[in-house]
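Here is the structure we will look at, set down as structure tokens.
The values are calculated or read from the model by the stated rules, or taken from the named source; none is laboratory data. Quick caveat, the model's predicted, so the values are computed rather than measured. No Cβ is skipped: glycine too gets one built from the backbone with ideal geometry, and neighbour counts run over all protein chains shown. Ligands, DNA and RNA are excluded from the accessible area calculation, which covers all protein heavy atoms including side chains. Shrake-Rupley method; radii C 1.70, N 1.55, O 1.52, S 1.80 Å.
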Amino acid sequence: MCLRRGLMVLPFMLSPVLSVSQGKTDSLRIVAERVNGIITIDGLLSEAEWQRPGFTSFTQRLPNEGAAPSQRTEVWLAYDDQALYVAARMYDTAPDSIIKILGRRDVSLTADWFQFDIDPYHDRQSGFYFALSAAGTMQDGTLYNDEWNDNSWDGVWEGRASIDAQGWTAEMRIPYTQLRFHQAKQYIWGVDFSRMIGRKNETDFVVYTPQKGSGFVSRFIDVGGIENIYPPNDFELLPYVTSRAEFSPHSAGDPFNNGSKYLPGLGGDLKIALGPDITLNGTVNPDFGQVEVDPAVVNLSDVETYYQEKRPFFVEGANIFNFGQGGSNDFWGFNWGGPTFFYSRRIGRNPEGSLPSYDYADAPLGTHIIGAGKLTGKLGDNWNVGMIHAVTNREYAQVQTAGVRQSVEVEPLTYYGVARIQKDFDEGRQGIGILTTYTNRFFDNQNLRDQINGSALVTGLDGWQFLDSDKTYVFTGWGTISHVAGDKAQITALQKSSRHYFQRPDAGDVKLDTNATVLNGYAARFTVNKQKGSWILNSAVGFIDPGFDVDDLGFMWRTDMINYHVAGGYKWTDRTEYYNNMRLLGAIFGTYDYAGNKTWQGYWSAYSLEFTNFYQLQLNYAYNPYSMDIRGTRGGPAVLNPTGWEIDWSASSDSRKAITLNLYGFTYQGGGGEQWQSEVDVDFKPAPNIELTIGPSFSRYLLQAQWVGSYVDVTALATYGTRYVFADLDQKTLSANIRLNWTFTPQLSLQLFAQPLISSGAYTGFKAFVQPRTFNFARYGNDNSTIAKDVSSTGRVSYTVDADGNGPAPSYGFDDPDFNFRSLRGNAVLRWEFKPGSVVYFVWTQSRTDNENFGDFEFNHSLNRLVTAKPDNIFMIKFTYWWSM
């Protein structure tokens, strides 16, 4: 939950602690006064500072924008040499109706909330927010790009709430060590206050972004009167101790795994303020173990699965490294798949070196990070800067063959670096920035040089320009270049990878170069967005050169594309007796490769509606004319994409209720098959501090051309000397996300998560692709072709196919691709923040998987196999202690 978006409002009450200068709306000014007494943060507001008249001018944003709030709110602001103090009384005529939901820190809940926003740099673009629920749940985060927020930052501050006969109260103490500001004789900061009344779904602000407007931080009211304080020379130390026990299945005679492993850990993080504007975060022997597990995925495509970053060192403050997303408050994309220029999960990734044949092996699951440092803040005239430097260790696997052991290097010593600088001008009307990432590897093993890039450099320029004085239309853009270097074998493999497919025989724009030792490329994207008003407009054009590659420290799906879209719509924001708000949208879009092939095209429309009872409905429809799939044969000639259409819809019930329901459905018809997907999420709150979410989903894909493999056949002249084998696929997947959050106090919580997954795939009707740029296939077993199924004594199934029976074409074989995959992943995390910033974690993680080579979906059988599968169990205790000096 993050209350946000406001419009400046009218007269404020004067008080000795908080006063407001009257005048024009955009010149309103709050004056905070120094206090000398001790303020105890207990939520009771018993101190003398809070007995004076406070500030009460709030305006409703939702559900009735511009109306007077249904309940009165009074706030106070004070300061001393060490901290800023915020107090608020949320009057309520029905205090027994206050929604007092207790949740984990930063969790999103429909409840009663109070939030304080501050822009201490007074740059009208960035800041911090601090929020308390009526139950005492804390939220905090950063504000950036004027309207966006990021809850990954966890500050060390105090907050307490209390409920009484008049309503409820909130009290905060925010140390200056948690804020960043320039030193000055007198300080002018931007601030805002807001309140959510849960039972009414009402949000009240001092200033907010109108539903047809834009800008949030830029609307903040100034607070003055703060003087004779100094940005602290902060030094924070966060040492940690871990104890980890792993228990996993093992084979008899395995010299590397007896079923258990015990791993103690010791390290620490530090934060040093290098002056008032720059902060250095460092880590020694970092513990980058994840508290949450990654979801299980059955990936039958040729692209990598993207996983979210969950490690605190990389998550906190990550928005400073966002590239190409400044200025505009909205970025749309249709089949764009733009690159992520900094994907921090590359640091500490799984080793990529291959192993020789072996009987037993002990390979590391991740790359150890020797050390990492992060520098963030502002330089000079409000230049935002950020840098990350990290070094990962050389990693070795131990293998044993015929009783002989050897050590094999599987990952070289590697340096990763990221640098970002950005500045906006003229109150955010223009902006410019630069991002550079660099990866360099130091090899000891020649074999690794043939498998992993030696170095990679990416650098880019981004910026924005508002096109009118009212800041209604904004133009944004970015452009980048990439340079990857390595041995011939590795650069050849890179050109042939699924991101590039330079070996495509019918490609008119690329050619495989087996002598190359570098790969260079470029990419850019330009957008125009209408920031406010009832009418919506968003358009973009972007291109990614076939040789562009950011994957060493970034993430990307595709290259060789020129993409565009033009989208628009209308939004109704004035509440009626039937709805609170409504939107109608539409777009046309398309993608071409550099040879001019139309690789995707579509016409899209969407309708969304929120009823007055706060139920929501959304419906999307898209029509896709025929196009060319230049990747379907995975390096072979293009395949026709037949015409198709899709519909997806979602609906949700009132989030204020004890039981809420979210529904989702999707279907795609045509385009070489059909796809169906449905999801149900049920959220149940049996008590104010307990939340249970159960989200089952089921999907079925009936595909007419699922790739199986490619085989050299000089007689296949039409397909350039290769047979590309496909099959019909019937894939069924049943999964669920089950989560229990039990919060005992704002500082003590238990989280349980489980994800069971069962997926089956039945391959039938094996066939060969016969003519490029068509959707024509020759089924094996027809027209003199043959197919033979073989079952070995161990039950292994394989196929032998021949395109012309007794003719000159060779026969070739492949294993039965049918699969039945089951997975259960889950964990339990008990978190206790025994003092601000100091936490103890007790973690149990379990995972179990099972595979069989048949394609029928058999729920009972799969469930029994999953229950009896031997699990991997990990138990961990982590103790961290926060010092501030």
Accessible-area value, Glu309, 1.4 Å probe, nucleic acids and ligands omitted, Å²: 40 Å²
Residue-averaged 222 nm ellipticity for the chain, from DSSP H runs of 4+ at -39500 (n - 2.57), nearest 500: -500 deg cm²/dmol
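Within region 24-128, what percent of beta bridges assigned by DSSP are antiparallel, to the nearest 5? Intermediate values should be presented prior to the final figure.
On the way: 9 of 11 bridges.
Around 80 percent antiparallel, to the nearest 5.
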Solvent accessible area, Å² - Tyr522, 1.4 Å probe, full protein context: 100 Å²
Most to least packed among 312-321, 873-882, 248-257, 860-869 [average Cβ atoms within 10 Å]: 312-321, 873-882, 860-869, 248-257
Karplus (6.51, -1.76, 1.60) ³J(HN,Hα), θ = phi - 60°, over region 369-382, in Hz, Gly and Pro reported as x: 8, 5, x, 8, x, 9, 10, 9, x, 10, 10, x, 8, 6
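Could you put Arg244, Arg779, Arg61, Arg195 in order of accessible surface area, largest first, with the 1.4 Å probe and the full protein assembly present?
On the way: Arg244 70, Arg779 100, Arg61 30, Arg195 0 Å².
Ranking Arg244, Arg779, Arg61, Arg195 by accessible area, largest first, yields Arg779, Arg244, Arg61, Arg195.
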Dipole axis of the chain (+1 Lys, Arg; -1 Asp, Glu on Cβ), positive-most option in Tyr603, Tyr881, Gly224: Gly224
Student exercise, the chain dipole from Lys, Arg, Asp, Glu Cβ charges, in Debye to nearest 20: 400 debye
Within straight-line cross-link reach of Lys271, aspartates and glutamates at Cα separation under 15 Å, skipping those fewer than 8 residues along the same chain: Asp154, Asp234, Glu236, Glu316
Karplus 3J(HN,Hα) series, Hz, for region 33-48 with 6.51 cos²θ - 1.76 cosθ + 1.60 (x for Gly, Pro): 10, 6, 10, 10, x, 8, 9, 8, 7, 10, x, 8, 6, 8, 6, 4
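Please identify the chymotrypsin sites (Phe, Trp or Tyr not before Pro) of region 626-660 that satisfy two criteria: DSSP loop assignment and at most 16 other Cβ atoms within 10 Å. Which are they? Before the final figure, lay out the partial values.
Numbers: sites: Tyr626, Trp645, Trp649; in loops: Tyr626.
Sites meeting the loop and neighbour criteria: Tyr626.
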Tensor-based shape of region 50-135 (alpha-carbon gyration tensor, a/c under 1.5 rounded, otherwise prolate or oblate): rounded
Rounded tilt (10° steps) of 859-868 against the dominant C-alpha axis of the chain: 80 degrees
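Hey, with R₀ at 60 Å, roughly what FRET efficiency would Tyr91 and Phe666 work out to, going by the Cβ-Cβ distance, to 0.05?
Details: r = 46 Å, r/R0 = 0.76.
The computed FRET efficiency comes out at 0.85.
Could you tell me whether the chain comes out rounded, prolate or oblate from its Cα gyration tensor? Rule is a ≥ b ≥ c as square roots of the eigenvalues, rounded for a/c under 1.5, then prolate if a/b exceeds b/c, otherwise oblate. Don't skip to the answer; put the middle values down first.
On the way: a/c = 1.76, a/b = 1.60, b/c = 1.10.
The shape class here is prolate.
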Heavy-atom accessible area order for Lys685, Lys310, largest first, 1.4 Å probe: Lys310, Lys685
Whole-Hz couplings from phi, Karplus 6.51/-1.76/1.60, listed for region 347-360; x for Gly and Pro: 7, x, 5, 5, x, 10, x, 8, 10, x, 4, 7, 8, 9
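What order do you get for 731-742, 73-84 when each peptide is scored by the mean count of other beta carbon atoms within 10 Å, highest first?
Values: 731-742: 18.1, 73-84: 20.9.
The most tightly packed comes first, giving 73-84, 731-742.
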Listed peptides 212-220, 92-100 by packing density, highest first (mean Cβ within 10 Å): 212-220, 92-100
Cleavage-rule hits (GluC sites (Glu not before Pro)) in region 95-186: DSSP loop, at most 16 neighbouring Cβ within 10 angstrom: none
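For region 122-268, what class follows from the C-alpha gyration tensor (a ≥ b ≥ c being the square roots of its eigenvalues): rounded when a/c is under 1.5, otherwise prolate if a/b is larger than b/c, else oblate?
Verdict is prolate for region 122-268.
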For Ser627, residues with placed amide H under 5 Å, excluding near neighbours: Asn641
Around Gly479: net Lys/Arg minus Asp/Glu count, Cβ-Cβ under 10 Å: 0
Unsatisfied cross-links (Cα-Cα over 31 Å) in the set Lys185/Lys835; Lys310/Lys835; Lys488/Lys789: Lys185/Lys835; Lys488/Lys789
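Which of the trypsin sites (Lys or Arg not before Pro) found in region 512-610 are loop residues per DSSP with 13 or fewer other Cβ atoms within 10 Å of their Cβ?
Details: sites: Arg525, Lys530, Lys532, Arg558, Lys571, Arg575, Arg583, Lys598; in loops: Lys532, Arg558, Arg575.
Here no loop site has a sparse enough neighbourhood.
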